[in-house]
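Peer 1: Quick one: the structure is below, and I'll ask about it shortly.
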Amino acid sequence: MKSIWAISIVVALTVMASAQTVTKLYVPAGAGGDAGRMSTLVYGIETNQLIAELQPSHDAGLAVTNADSTEVWIFGATSTSCDIYGIATDKLIKTIEIERQVIDAVFSPDGKYCFVIGSIPGSGTNGLLVIDRATYSIAFSVPEVVDPAAIAVSSNSQSLYCVSPSRGTL
């Protein structure tokens, strides 16, 4: 039986004055059913052409852009690593270890934190981590969140919402 992979596609935005112009589309190649492929494909929106193929240090599973669209974070599908690339150059900035196989990730609108939910390999349970974007390190974990499956942050960065289907809660 063929596995079905969730597809993670990230659109990088370039902020110009008060308008946002979409310039790039990041597609983790392994997320679309090609699980053995490690790369993330970068397409130019205006040209409709493949413009780069990023080679993360792990299997690419989820890509998210930070609040000011200067970085794209590529999380592993089965690894616990995250490669951070500059959007302007598509060059690797840093690789961080995050102790989780990532299910979902989102940046606070103020750009200070990346909230990550994922499973601890071999444990079968999910948890929430908060990564400080200034230091690229885990600021803290939130153990009170039971089996989160999806997350969102309020526009004022004051509230974090976690969906926990196993408990039927938000």
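Peer 1: Return the only residue of V163, V146 being modelled with pLDDT under 85, farther than 20 Å from T78 by Cα and part of a strand (DSSP E or B).
Peer 2: Just a single option satisfies the conditions, and that option is V163.
Peer 1: Please count how many residues of segment 75-85 are part of a strand (DSSP E or B) and surrounded by fewer than 22 Cβ atoms within 10 Å (Cβ to Cβ).
Peer 2: Pass one, segment 75-85, residues part of a strand (DSSP E or B): 75-76, 81-85.
If we keep only those that are surrounded by fewer than 22 Cβ atoms within 10 Å (Cβ to Cβ) too, we end up with 81, 84.
Qualifying residue count for the region: 2.
The values are calculated or read from the model by the stated rules, or taken from the named source; none is laboratory data. Just so it is clear, the structure is predicted and the values come from calculations on it, not from any experiment. Neighbour counts are summed over all protein chains in view; Cβ atoms, including those assigned to glycine, are modelled from backbone coordinates with ideal geometry.
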